[in-house]
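K.L.:
The structure follows.
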Amino acid sequence: MQRLRRPLLFLTVLVIATAGLVYELLAGTVASYVLGDSVRQFSITIGAYLFALGIGSYLSRYVKEGVAARFIEVELATALAGGLSAPLLFIGFSQGKFFGPLLYGTIMVIGTLVGLEIPLLMRILKEELDFEELIARVLTVDYVGALVGSVLFALVLVPSLGLNRTSLTFGLLNCAVGVLSTFVLADVVPKRALLRLRITASAIAVILVAGLVYADRLTTFAEQGLYADPIVYSQQSAYQRVVLTENPHSVQLFLNGNLQFSSADEYRYHEALVHPAFARAPRHSRVLILGGGDGLALREVFRYPDVEHVTMVDLDPAVTNLARQIPTMQRLNHNSLSDPRLTLINADAMAWLRADGRRPFDVVIVDFPDPNNFSLGKLYTRGFYRLLMRVIGPDTALVVQSTSPMYARKSFWCIARTMRSAGFSTHSYHAHVPSFGEWGYVLAMKHPFEPPTQLRVDGLRFLNDATLASLFIFSRDMQELPVRENTLNDQQLVAYYEHEWSLWN
Amino acid sequence: MASRRDALRWIVGAPLLARSLAACGGATPRAPHVQGELLGQSLDVGHRVRDLGQPGGPSLGDFRGAPEERVKLAIVGGGPAGLSAAWRLTRRGELDYQLFELESEVGGTSAWQETGVAPHPWGAHYLPLPMKENVELLGLLGELGALDGVDAMGEPMGSEEMLIREPEERVFYGGFWYPGLYPYAGASEDDLRQLRRFRAELDRWTRFHDAAGRRAFTIPRSLASDDAEVMALDRVSATDWLAQLGLNSPRLEWLVRYACRDDYGLEPHETSAWALVFYWASRTVKPGHDTRDLLAWPEGNGRLVKHLRRAAGDRIRTGRVVLNVEQSEGGVTLRMLDVTSGRPLIVHAERAILATPHFVTRKLLGLGAGELEMGYGSWVVANLHLESRPVERGFPLAWDNVPHGSEALGYVVATHQLDLDRGPSIFTWYRPLTGRDPADERRRMLDTSFEEWRDGVLTDLAIPHPDLGSRVRRLDVWRWGHAMPQPRVGLLSSASLRRAREARGRLHFAHTDLSGMALFEESFDHGLRAADELLAALAPPATSASAVEPT
Ligand SMILES: Cc1cc2nc3c(=O)[nH]c(=O)nc-3n(C[C@H](O)[C@H](O)[C@H](O)COP(=O)(O)OP(=O)(O)OC[C@H]3O[C@@H](n4cnc5c(N)ncnc54)[C@H](O)[C@@H]3O)c2cc1C
């Protein structure tokens, strides 16, 4: 054992560094998974971790005696905190309201512990190596560990084990290294302390193994905990996590945890999206829908007998397949995705417009997710609207879903302003959709126009001519305010959006 | 195997190699499945210029009895400088000229390629939006549709499709990508203070105007001040200048080293402080404002070349290497070879513009000691054709992606300006060969095999992108032997550099080398100046031709 002492201690550094990075990545991933993917979210997580590492190293100076025993204690604590971190975060998010404190608390604890470990270990090794060699070796192994951690994480762990099991497995590995250290460092740790440490380690191992055995149940439990209603379908597509939930009264679709619709009130959202544009456009024979893969807007479009052809461009085949094949969805969208008048294209809308956007359509419906990152934000830029002009004729009516004028007032008006700067005439309007709150849209044409006053269809649940006219009236707290426009080279909207929604979440 | 490892160490640097070696259990990435080619300028053709009159090389005797042609005006070199001169002549209605280019395509160091999922650059890849003073370049950009109105300061704005789309740049530091270039994560209070101090110094130079009202730093250089206070910066290296300011923050030193290598292919201790300050101050309208937005196209500055090429049309003759240029009574004689057939050709012109790199111009005219000599660095550029995008950690993929701690400069993404955020892409990787003797580096660059370059590039990128190797379908490598002139301390303020721009009899000179720095704007400025000189000299005797024609 003594001959192997040094290699084993370096192995310890490797495991600590690898595990430390894996825990950090786990926390970041869980955070973006449950809070939505935002750059800001991610930066804060990393910042907190780096900060905690610093605290850890600083604290190490207060460890005066029994360095070896303290080192093993810290290792075991890391094993417990890190190993349970992902399950804890999931359960915490699903059960309570205090996810923020829990997330940063977990990160700080793990970061501090990892930050403590390396300096303590260096002090143990100091006796045996000269200083420069020590620093060089420890840092090399530390870097390598970080590298191994990131490679493993992206390529092997998350795809094959999932978040919870990755977390628990690394906890166990940490724990094993702790036990190993009790042997390697046996000569510098008092006998009684050794026994205590080994018993603690066994207890931690039991907890983590139990976690592993129940990991599957934990995962469904945790994911289920994110949603109010039972999950009837969930899938990880190439682009996003798609989850369908159902209760006795309604069905909900979530993409990356964001509610897309609830069947209880989606008719309000989709009637308000589709019918004002149809009321404005003199012809309806050719219709283009960008986004809208759930088929609900399409259901409204097919109310008009003069619709001859619809082209729908939606990025994710997982969503359009779900909407076409799952009976619950077919019932909701009246099987609209199987209508022979539909041409469905799975592509990025901007790339499609550039390559194939040639002939004008009579009505164009743009229904993208909200602009919470750059690759969605580009679909709300002046550059995008200029491209869109390619499919706009003199009489085409265009509508764009444009987030909430109440929760994200600047974002909402930024979209209209950007459309005007691309050459559109616009009228903004809004509707109340209880699942979302006050929701907004922009109706636009190439030339100045009056808002529509008369629907061209009967039998709607939400709209009649009187409510149609009222949609275009804004209360004082939602009225237009000065904003900058959103361009490809300066995505002001993503900044507005992040800021405004962070005030409500 | 030792030699392969030596090559890798040379390409990626020892510290980085150690990290990836250790990570992969002693083996570096090998990617035999990744096919590709070694590319570069036609070296053997270029060497004929070098070897003219040498044993084994071509000799003037070979031209006896060669076919002779007559043209009013000749331009030698089809890089941005030569093409800009041609563009000027065309726009001024002077159509009786021919442009001779050695390669089979024009473009020079702004070369590009149109294969794979997107056009991609081999050299120059962006252009900062000019300020309002650069009227001529704005004219060109107007033709290209790259402009869109003016801002509140009256400065031109770029068209949205050609400005770099957000996110523009990011840096990989400590395992994560962050927005911007400066690694803010973990920066200490002192690091940030030094960064502010550095910016304040740049602001001082942005604000500076000389007695004649000229700015200290402008693009093109020809509009800038030559005040002694400004030119004093050319007498210290960037490293010494930082030391004089008391700046020694490692992060700032990294940023400065990155800038020197990125713009000039030099280490900071070799780079003129003037050149360093120029990089920022010439692109900032007023202190406190951001540097000018950048224009970029998938094919890089190839877009500009394509536009200029259209103006010259069929007056361009590629595959013609000029070996010798001689002035005689009433004209200029150019001796050249047809590259494909090897046949000699003599062209007589009234006047000529030499838009060749200065080391070539020296050979063509047989210039000797006492005339300007400058150094050139080598660069290697690789284009990686990816099947899919790597897994990301931190800030999302940007146009320019710079890993801190790498000896290379990272990569730009060809699909970025096509608004494609998913699926296949092409990454263009840049590595200036700095640090040691340029001639040794050049030789070593040429001796390194394709496999070594390929594995070196993948090793370099494995730190930020461990999964990249499995996503690369093809990887081509371009070697630039004389990539860029080096603005070493003293060159930019030297009298010999100034003299090298002056016409000699019936010969006019245009090339970015004449500015001592490699930039499209400088090539363009020299191209226009040379064309204007030439047009003035052709003008009827009523205007005083002798002023421009010292014979
Ligand atoms: C890797 C790299 C990246 C760069 N990135 C940028 C960038 O992002 N932005 C930027 O502005 N600049 C960049 N540059 C600088 C670039 O050099 C200039 O933008 C510009 O291409 C210089 O043009 P030029 O016409 O002055 O010279 P060159 O491009 O050198 O053109 C000279 C031409 O003359 C031809 N020629 C040479 N000898 C003969 C002969 N004997 N007979 C006939 N023809 C001959 C050559 O084949 C060549 O076509 C970069 C350069 C490199 C190498």
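K.L.:
Across segment B:98-127, which residue is farthest from the ligand (Cβ to nearest atom) among those that are assigned to a strand (DSSP E or B) and buried (at least 24 other Cβ atoms within 10 Å of the Cβ)? Lay out the reasoning, then the answer.
P.N.:
As a first pass, look at segment B:98-127 and keep what is assigned to a strand (DSSP E or B): B:98-101, B:112-113, B:120-121, B:127.
If we keep only those that are buried (at least 24 other Cβ atoms within 10 Å of the Cβ) too, we end up with B:99-101, B:112, B:120-121, B:127.
Working: B:Leu99: 9, B:Phe100: 5, B:Glu101: 5, B:Trp112: 11, B:His120: 13, B:Pro121: 8, B:Leu127: 6 Å.
For segment B:98-127, the residue satisfying everything is B:His120.
K.L.:
For segment B:265-274, which residues satisfy the criterion of being touching a helix residue (DSSP H, G or I) at 6+ places or on another chain (Cβ under 6 Å) and either under 15 Å from B:Glu407 (Cα atoms) or among the aliphatic types (A, V, I, L, M) (or both)?
P.N.:
Initially, segment B:265-274 is screened for residues touching a helix residue (DSSP H, G or I) at 6+ places or on another chain (Cβ under 6 Å), giving B:266, B:268-269, B:271-274.
Hits for segment B:265-274 are B:Leu266, B:Pro268, B:Ala273.
Residue-by-condition table, conditions (1) under 30 Å from B:Leu497 (Cβ atoms); (2) surrounded by fewer than 20 Cβ atoms within 10 Å (Cβ to Cβ); (3) within 14 Å of chain A (Cβ to nearest Cβ):
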position: B:Ala382; (1), (2), (3): no, no, no
position: B:Glu387; (1), (2), (3): no, yes, yes
position: B:Gln417; (1), (2), (3): no, no, yes
position: B:Asp421; (1), (2), (3): no, no, yes
position: B:Phe427; (1), (2), (3): no, no, no
position: B:Asp440; (1), (2), (3): yes, yes, no
position: B:Leu461; (1), (2), (3): no, no, yes
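K.L.:
Can you name every residue in segment A:382-435 that is crowded, with 21+ Cβ neighbours inside 10 Å and at positive phi?
P.N.:
Hit for segment A:382-435 is A:Thr403, nothing else.
K.L.:
Tell me the helices (runs of 4 or more DSSP H) entirely within segment A:1-117 that contain at least 3 residues that are within 14 Å of chain B (Cβ to nearest Cβ) and either closer than 19 Å to A:Leu180 by Cα or modelled with pLDDT under 80 (or both).
P.N.:
Numbers: elements: A:5-35, A:39-59, A:67-95.
Helices (runs of 4 or more DSSP H) meeting the threshold: A:5-35, A:39-59.
K.L.:
Could you tell me whether segment B:151-174 includes any residue that is within 19 Å of the chain's Cα centre (by Cα) and either away from every other protein chain (no Cβ under 12 Å) or modelled with pLDDT under 95 (or both)?
P.N.:
no
K.L.:
Given (1) surrounded by 14 or more Cβ atoms within 10 Å (Cβ to Cβ); (2) modelled with pLDDT under 95, where does B:Glu189 come up short, assuming only one miss?
P.N.:
The number of the failed condition is (1).
K.L.:
Please tell me if B:Ala86 is within 13 Å of the ligand (Cβ to nearest atom), farther than 25 Å from B:Ala382 by Cβ and part of a strand (DSSP E or B).
P.N.:
Taking the combined requirement at face value, the residue does not satisfy it.
K.L.:
Out of all the residues in segment B:157-168, which are under 22 Å from B:Ser84 (Cβ atoms) and surrounded by fewer than 20 Cβ atoms within 10 Å (Cβ to Cβ)? Let's see the steps before the verdict.
P.N.:
Going through segment B:157-168, the residues under 22 Å from B:Ser84 (Cβ atoms) turn out to be B:158-159, B:162.
Within segment B:157-168, just B:Ser159 meets the criteria.
K.L.:
Could we say that B:Leu73 is assigned by TED's automatic domain parsing to the domain that holds B:Val332, surrounded by 24 or more Cβ atoms within 10 Å (Cβ to Cβ) and more than 9 Å from the ligand (Cβ to nearest atom) here?
P.N.:
Working: assigned by TED's automatic domain parsing to the domain that holds B:Val332: yes; surrounded by 24 or more Cβ atoms within 10 Å (Cβ to Cβ): yes; more than 9 Å from the ligand (Cβ to nearest atom): yes.
It is true that B:Leu73 is assigned by TED's automatic domain parsing to the domain that holds B:Val332, surrounded by 24 or more Cβ atoms within 10 Å (Cβ to Cβ) and more than 9 Å from the ligand (Cβ to nearest atom).
K.L.:
Oh, and also: Does B:Thr291 count as of a type in the set (Val, Ile, Thr), open to solvent by 10 Å² or more (accessible area, probe 1.4 Å) and within 28 Å of B:Tyr173 (Cβ to Cβ)? Write out each step before concluding.
P.N.:
On the way: of a type in the set (Val, Ile, Thr): yes; open to solvent by 10 Å² or more (accessible area, probe 1.4 Å): yes; within 28 Å of B:Tyr173 (Cβ to Cβ): yes.
Yes, satisfied.
K.L.:
In segment B:389-415, which residues are among the β-branched types (Val, Ile, Thr), within 10 Å of chain A (Cβ to nearest Cβ) and either surrounded by fewer than 21 Cβ atoms within 10 Å (Cβ to Cβ) or touching a Phe, Trp or Tyr at 6+ places or on another chain (Cβ under 9 Å) (or both)?
P.N.:
If we filter segment B:389-415 for residues that are among the β-branched types (Val, Ile, Thr), which is where we start, we get B:391, B:402, B:412-413, B:415.
Now narrow it down to the ones that are within 10 Å of chain A (Cβ to nearest Cβ): B:391, B:415.
Scanning segment B:389-415 gives a single hit, B:Val391.
Okay, residues lined up against (1) within 14 Å of another protein chain (Cβ to nearest Cβ); (2) among the charged types (D, E, K, R):
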position	(1), (2)
A:Ala466	no, no
A:Phe474	no, no
A:Glu480	no, yes
A:Val483	no, no
A:Tyr496	yes, no
A:Glu500	no, yes
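K.L.:
While we're on this one: Of the numbered conditions (1) away from the ligand (no atom under 16 Å from the Cβ); (2) assigned by TED's automatic domain parsing to the domain that holds B:Ser425; (3) at pLDDT 95 or above, B:Arg506 satisfies every one except a single condition; which is it?
P.N.:
Condition (2) is where B:Arg506 drops out.
K.L.:
Of these, A:Ser404, A:Ser338, A:Ser425, which one is among the small types (Gly, Ala, Ser) and within 23 Å of the chain's Cα centre (by Cα)?
P.N.:
Numbers: A:Ser338 fails: within 23 Å of the chain's Cα centre (by Cα); A:Ser425 fails: within 23 Å of the chain's Cα centre (by Cα).
Of the residues listed, the single one that is among the small types (Gly, Ala, Ser) and within 23 Å of the chain's Cα centre (by Cα) is A:Ser404.
K.L.:
Of B:Ser449, B:Ser523, B:Ser470, B:Ser493, which residue is away from the ligand (no atom under 16 Å from the Cβ), among the hydroxyl-bearing types (Ser, Thr, Tyr) and assigned by TED's automatic domain parsing to the domain that holds B:Arg91? Write out each step before concluding.
P.N.:
Working: B:Ser449 fails: assigned by TED's automatic domain parsing to the domain that holds B:Arg91; B:Ser523 fails: away from the ligand (no atom under 16 Å from the Cβ); B:Ser470 fails: assigned by TED's automatic domain parsing to the domain that holds B:Arg91.
One residue alone meets the criteria, B:Ser493.
K.L.:
Moving to a separate point now. Collect the residues in segment B:319-334 that are open to solvent by 40 Å² or more (accessible area, probe 1.4 Å), more than 9 Å from the ligand (Cβ to nearest atom) and touching a residue at least 12 places away in the same chain (Cβ under 8 Å), keeping them in residue-number order. Steps first, answer last, please.
P.N.:
Initially, segment B:319-334 is screened for residues open to solvent by 40 Å² or more (accessible area, probe 1.4 Å), giving B:320, B:326-330.
Retained after the next criterion (residues that are more than 9 Å from the ligand (Cβ to nearest atom)): B:326-330.
Answer for segment B:319-334, where residues must be open to solvent by 40 Å² or more (accessible area, probe 1.4 Å), more than 9 Å from the ligand (Cβ to nearest atom) and touching a residue at least 12 places away in the same chain (Cβ under 8 Å): B:Gln327, B:Gly330.
Results for (1) in contact with a Phe, Trp or Tyr (Cβ under 9 Å, 6 or more places away or on another chain); (2) of a type in the set (Gly, Ala, Ser); (3) within 9 Å of chain B (Cβ to nearest Cβ), shown as yes or no for each residue.
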position: A:Ile345; (1), (2), (3): yes, no, no
position: A:Asp348; (1), (2), (3): no, no, yes
position: A:Leu353; (1), (2), (3): yes, no, no
position: A:Gly357; (1), (2), (3): no, yes, no
position: A:Pro360; (1), (2), (3): no, no, no
position: A:Ile365; (1), (2), (3): no, no, no
position: A:Asp370; (1), (2), (3): yes, no, no
position: A:Leu376; (1), (2), (3): yes, no, no
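K.L.:
Report whether or not A:Pro452 is within 14 Å of chain B (Cβ to nearest Cβ), open to solvent by less than 30 Å² (accessible area, probe 1.4 Å) and assigned to a loop (DSSP other than H, G, I, E, B). Write out each step before concluding.
P.N.:
Working: within 14 Å of chain B (Cβ to nearest Cβ): no; open to solvent by less than 30 Å² (accessible area, probe 1.4 Å): yes; assigned to a loop (DSSP other than H, G, I, E, B): yes.
So A:Pro452 does not fit the description; no.
K.L.:
Restricting to segment B:29-55, count the residues that are open to solvent by 40 Å² or more (accessible area, probe 1.4 Å), away from the ligand (no atom under 16 Å from the Cβ) and over 14 Å from B:Phe450 (Cβ atoms).
P.N.:
1
K.L.:
Checking A:Arg324 against (1) within 22 Å of A:Ala238 (Cβ to Cβ); (2) free of Cβ contacts under 8 Å to residues at least 24 places away in the same chain, which single condition isn't satisfied?
P.N.:
(2)
The values are calculated or read from the model by the stated rules, or taken from the named source; none is laboratory data. Only a predicted model underlies this, so the values are computations on that prediction, with no experimental measurement involved. As a convention, Cβ positions derive from the backbone with ideal geometry for all residues, glycine included, and neighbour counts pool all protein chains shown. Areas reflect the complete protein model, heavy atoms only, side chains present, ligands, DNA and RNA absent. Shrake-Rupley method; radii C 1.70, N 1.55, O 1.52, S 1.80 Å.
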